[in-house]
Amino acid sequence: MPKEKFNFIEAYYRYKKIRRTEEKITEVYHTDKIKSPVHLSIGQESIAVGCSMASSKKEIIFSNYRGHAHFIAHGGDYKAFWSELYGKRNGLSSGKAGSMHLGDLNINFMFTSAIVASSIPNAVGYALAQKIKNFSNVVLCYHGDGAMDQGVFWESINFASLKQLPILFICENNEYAIYSHLKKRMYKSNIVERVRSFGLKAKKIKNDTFTIFEETKKILNKIRKNSIPHFIEIPTSRLKDHVGIENSPNMKKNDSRLVEDKELLFLRSKVKDFKKIDKKIESEIDTAIDYAEKSKYPKQNEILKNVFSDI
Amino acid sequence: MPKEKFNFIEAYYRYKKIRRTEEKITEVYHTDKIKSPVHLSIGQESIAVGCSMASSKKEIIFSNYRGHAHFIAHGGDYKAFWSELYGKRNGLSSGKAGSMHLGDLNINFMFTSAIVASSIPNAVGYALAQKIKNFSNVVLCYHGDGAMDQGVFWESINFASLKQLPILFICENNEYAIYSHLKKRMYKSNIVERVRSFGLKAKKIKNDTFTIFEETKKILNKIRKNSIPHFIEIPTSRLKDHVGIENSPNMKKNDSRLVEDKELLFLRSKVKDFKKIDKKIESEIDTAIDYAEKSKYPKQNEILKNVFSDI
Amino acid sequence: MSNSSNLSYGKAIYEGIYQSMLNNPNVFIFGQGVDDYKGHYGTTLNLHKIFGKERAFDTPISEDSLTGIAIGSSLAGMRPIFVHQRMDFLMLCMNQLVNMASKICYISNGHQNVPIVIRASIGRSWGQGAQHSQSLYSFFAHIPGLKVIAPTTPFDVKGGIIASINDNNPVIFVEHRMLYENKGLVPKERYEISLSSARVTKKGSDLTLIGISYTVVDCLRASEILKDKKIDVEIIDLICISSLDIKTIIKSAKKTKKIIIVDNDWLYCGLASEITTQITERLKFKIPIERMGYKFSPCPTTRNLEDNFYPSANVIAKKVYEMVTNKKDWIPRKIINREILEFKGPF
Amino acid sequence: MSNSSNLSYGKAIYEGIYQSMLNNPNVFIFGQGVDDYKGHYGTTLNLHKIFGKERAFDTPISEDSLTGIAIGSSLAGMRPIFVHQRMDFLMLCMNQLVNMASKICYISNGHQNVPIVIRASIGRSWGQGAQHSQSLYSFFAHIPGLKVIAPTTPFDVKGGIIASINDNNPVIFVEHRMLYENKGLVPKERYEISLSSARVTKKGSDLTLIGISYTVVDCLRASEILKDKKIDVEIIDLICISSLDIKTIIKSAKKTKKIIIVDNDWLYCGLASEITTQITERLKFKIPIERMGYKFSPCPTTRNLEDNFYPSANVIAKKVYEMVTNKKDWIPRKIINREILEFKGPF
Ligand SMILES: Cc1ncc(C[n+]2csc(CCOP(=O)(O)OP(=O)(O)O)c2C)c(N)n1
Ligand SMILES: Cc1ncc(C[n+]2csc(CCOP(=O)(O)OP(=O)(O)O)c2C)c(N)n1
Ligand SMILES: [Mg+2]
Ligand SMILES: [Mg+2]
């Protein structure tokens, strides 16, 4: 697709909405209304935006505890998202989940896990079901570079490759697992090469929204057609601390990205009426927070509900 | 080393002793004196013989439930081995271990595990200790192709590579995990390539005793000098069933290897006085079995001994 | 009964799975050796030929990811059955079972659920040693969100596997190796047993023996020996581990006023402690309750120590006699566990 | 006392480890974040600078293999300490702990042993949710060959970590997140506490509260509130989970004749059941025993459900009052858990 035809308006909207949401969380966090850990995505937006824009509504999304960006980009219920952060009854999971376990089945967004790499085999299992059932839905599995430290990652891609499953692994390589740099975890950072040796098609992709969109779109089409598992690595930076609202201690203090995000400015430059979008976003945020604030907490006796499914 | 200088007498002795021991087990098994599962090594002897002959007495050996060949080749206490199979008090572990958990610290042979791949990280940990302590002992870690299905294998080699540990992984690739062929477990059987991508020096070695010996010797020297983890894959065939004394159902009925072992014949052809060696082996076996037969079982009250170490 | 057949426990499991796969195309089964010529004690024999290799397949030795894969497929509407040759191997799956399978329904407030069945064989036979002999079912029962059952009879094992497959939650299904050949009458139809009811296997008045899985067989043998002393025990087959049928137990306790729990596992922080505790919490008066189980050591390989490791019919009978009569003057006649004596392995 | 200092629980752990590393060059420590600027609640701060990065290092997120690596290094004579930010992550290590670490000494008939320490933080704070809040220590206590302790005070945690490092067996060392800032007098020297003794934290006559780790703090607060009703409880700090100090418990039980066990975990097949069982097995007479612990659900994230999930000082006090007086007419005044209220995370 020629770059001009790319829906920059939508891209800017998604990108900015993620950024503003995370900033808003940072602002309200001191009130302790969000009584749970938050793992912010500031700096990593382009991946969620590019991949989500390349996806159809039928894709199945697996993410993790750092899932705000993916959730918002793929269009999860935004009001219920804020209510969930606030621990309210009309949140995505009635407050039982919180930031680390977002999910919304209306957009095939699976409830996420806070155990590193643990939902990667779940994504593979979902893809296996697609293959058994002869469905053409592709599973998208977002994960960090740290998740590749876990043996289960290698078992999972081995199985995906063995059974030739319709799945795309998206490695958001921010080079850190909490404060551990990749160099303290791998002898060489040859992620793509390692994955490729397991029989997947693997590629490193430049981190800009359009390129991510374009490459992902191509890959998703290939997967739909041939059911071959793919893997992409996208270098990125987490500008915030691993968890919580401070700036990342791994960033240089005067890192320019902390003041202005080039990618965001670029996307904005492509959108004439960006102020209208900004306004829309602010109003969506305000509405959602208002909704969350006014909502009720779950009742104490709901604690024992849904331990088991009685459907 | 020129092939002529190779100690063929010793090689033949070790090879034949393993073979005859396994055959003897097959003969006595029906008496039910060995009341535990046995995983025989018939067909895989050359690897144990070649690697053990390349090792010094200082090497540390990790093996697994299919450990008879390694144990005998590296010179483990042979009488205590038989006593252990017979569950006797003067066995390697007073009968508490049996065939699946052989060990003999006099030759640095670690007690083995019956959980696939589970002692691979132990081997890496031992190598880590060598590195911390500035010792130059190399750890040998024998394992099957099936062990590479386990995530812990990949975590373990990642760590060995990260810390540049003095360890040699020896993959006895008999292509089967019980009755599961490699093809049912890996998309491509590119074992060496996979391991290499993790930063180890990796190589596939032709399966004959001399080549294995020569290559291993070179590699061990390199490891001693530079502490770089290595991996070798050696194709082989398990002629017996996964467990027990029957022939392997995965072998063709008329497979020539079931009647005559070419490698054994070749080694024999290099040894003038092979009959003397044969006799020595038979006498060692008879003595050991006699010793085992005549020994006592542990007393019932020993069951609670050594649950904890009180050293 | 023409609507029943005399089936072995192994065949009964097979029939339950076969009928479930026939009934529901979302049911599939996998695990090491599922499609080999032994078919996990016959319980999966030729399923791949009948239902195709996408619905019954062999796997890499990757227990951790495969559990995750089972879970993921269940989120997509499938009903996977994951077979393990030994319970011990489940230690590799604990993260997926404890942190994922048991939590997803709750985390999603009921939007998602995880209908998976994890089959695991436990038990002795002969020389299995420390790593192929553990039961460990109390681990799973400790976790809210998991169900655990361990049927003893062919009837219950067929109804149990069908009920587990039909259940919308993760079920750990515990099978004992020494039971696969035991036979009994099994209805031909597809039927379920309750996942929260125990069974009174034998009525009696002098003392209640509570067994689970293979120890029920030990209890039955003990009760035979105890006839020599005219002692009449009641035997309860627990069946359900995570959902204790305390009603049935209390009813029996009130009648016999003496209880021995014969567990298939270590006692410390185990199932027998839970049963003891629930009984004492519910009874107004004090009755003698004893626990029997594995010796508190890893399982030794050599036979004479191994025999000492497991509770046996003889040891159970002796304990019953002592509790009922307050005397220690009886040595019960030796009784033989045919299936253990005859077991020649190797597997 | 000039030979003691007023240290936090976190600092006390640090001191125990620092002195052990100084004393024995075979001791080393590793785990995610061990060398970062937070140093696992200060307990590992700068150890890599003092002892070098070979003896204190950060790791990949590979819990399974790293447990195996700890075990392997211990076979070579090292004494590794493996640090986990959450107990929940130990579910990835179960194979190495249950099938390997606990069995090697026995399998080798004492020729080998595994002196490793596995440190794991448990506990609430705030919004930790289902996967960062579990205790699960009963799993380890269930397995012969593993030791498990969970000290509560700075004194015990220092003596406990040193004793664990010196022990020749695998020890699971349980730390509660809400205790790291609690202060107390701690001797400056290197000393050990017993790995099989409980401590009577407070003498009393009306009822015995048995706490473990953080619930001891809850029990102490409950006993404060109970003074309003002139009820005088005895409090036992269990400390040792795998080796129950039943003597101390029975002595107290004979005195107060009423017991409440406040566990830090789910109750079903858990530690509280084991304690209840051992008490009833040893006492000739019947006394009331109650168990309190987590609600039987995964831990919910939202605060008002979370508050209901954990046993609190208030709920404990109320239960004590009811058991002592047989009345239900008292609503204890609200007491505040400072450390929980003040916790603003995020970690
Ligand atoms: C099994 C497990 N071990 C450790 C942790 C603690 N932890 C939480 S996030 C994280 C880092 C993960 O890094 P990565 O996968 O790169 O994702 P990122 O946070 O960088 O997005 C760690 C170690 C965990 N949650 N689960
Ligand atoms: C974790 C685990 N899963 C399954 C088994 C059952 N099992 C025993 S040996 C074996 C095959 C191992 O194959 P491989 O590593 O190639 O060794 P080989 O037997 O061929 O020498 C399996 C699956 C086990 N012991 N441990
Ligand atoms: Mg990262
Ligand atoms: Mg093999």
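A few points about this structure:
- Answer from D:Ile69, D:Ile118, D:Ile61 - the residue that is closer than 24 Å to B:Gly151 by Cβ and without any contact (Cβ under 8 Å) to a residue 24 or more places away in the chain: D:Ile69
- Checked against the criterion of being part of a helix (DSSP H, G or I) and crowded, with 24+ Cβ neighbours inside 10 Å, the candidates A:Ala97, A:Ala69 yield just one match: A:Ala69.
- Exactly one residue out of B:Ile232, B:Ile223 is away from every other protein chain (no Cβ under 14 Å), within 18 Å of the chain's Cα centre (by Cα) and either at pLDDT 95 or above or within 16 Å of ligand 1 (Cβ to nearest atom) (or both): that is B:Ile232.
- Matching residues in segment C:81-113 - criterion: being within 8 Å of chain A (Cβ to nearest Cβ) and not in a helix (DSSP H, G or I): C:Ser108, C:Asn109, C:Gly110, C:His111, C:Gln112, C:Asn113
- Number of the exception - D:Ile69 against (1) more than 7 Å from chain B (Cβ to nearest Cβ); (2) more than 21 Å from D:Lys38 (Cβ to Cβ); (3) of a type in the set (Val, Ile, Thr): (1)
- Selection from segment B:22-65 of residues that are of a type in the set (Gly, Ala, Ser) and either assigned to a helix (DSSP H, G or I) or within 24 Å of C:Gln131 (Cβ to Cβ) (or both): B:Ser36, B:Ser41, B:Ser46, B:Ala48, B:Gly50, B:Ser52, B:Ala54, B:Ser63
- Residue satisfying condition, being more than 16 Å from ligand 2 (Cβ to nearest atom) and within 12 Å of chain B (Cβ to nearest Cβ), within set A:Val139, A:Val124, A:Val192, A:Val152: A:Val192
- Residues in segment C:121-147 that are within 14 Å of C:Cys93 (Cβ to Cβ) and more than 14 Å from chain B (Cβ to nearest Cβ): 5 in all.
- Boolean, A:Asn134 is in a helix (DSSP H, G or I) and more than 9 Å from ligand 1 (Cβ to nearest atom): no
- Test result for A:Asn158, assigned to a helix (DSSP H, G or I), facing another protein chain (nearest Cβ under 7 Å) and touching a helix residue (DSSP H, G or I) at 6+ places or on another chain (Cβ under 6 Å): no
- Screening segment A:161-195 for residues that are surrounded by fewer than 19 Cβ atoms within 10 Å (Cβ to Cβ) and in a helix (DSSP H, G or I) and picking the one that is nearest to ligand 4 (Cβ to nearest atom) gives A:Glu193.
- Single condition D:Lys295 does not satisfy, out of (1) more than 8 Å from chain A (Cβ to nearest Cβ); (2) assigned to a loop (DSSP other than H, G, I, E, B); (3) under 20 Å from the mean Cα position of the chain (by Cα); (4) of a type outside the set (A, V, I, L, M, F, W, C): (1)
- Taken over segment A:106-119, residues that are facing chain C (nearest Cβ under 7 Å), more than 9 Å from ligand 1 (Cβ to nearest atom) and either touching a residue at least 24 places away in the same chain (Cβ under 8 Å) or over 15 Å from the mean Cα position of the chain (by Cα) (or both) amount to 1.
- Within segment A:172-189, one or more residues are modelled with pLDDT of 95 or more and more than 16 Å from ligand 1 (Cβ to nearest atom).
- In segment C:191-217, the residues that are buried (at least 24 other Cβ atoms within 10 Å of the Cβ) and over 14 Å from the mean Cα position of the chain (by Cα): C:Leu207, C:Thr208, C:Leu209
- Test: residue in segment B:297-305 that is under 26 Å from B:Ser55 (Cβ atoms), without any contact (Cβ under 8 Å) to a residue 60 or more places away in the chain and more than 16 Å from ligand 2 (Cβ to nearest atom): no
The values are calculated or read from the model by the stated rules, or taken from the named source; none is laboratory data. The structure displayed is predicted, hence computed values, not measured ones. Positions of Cβ are generated from backbone atoms using ideal geometry, with glycine treated the same way; all protein chains shown enter the neighbour counts.
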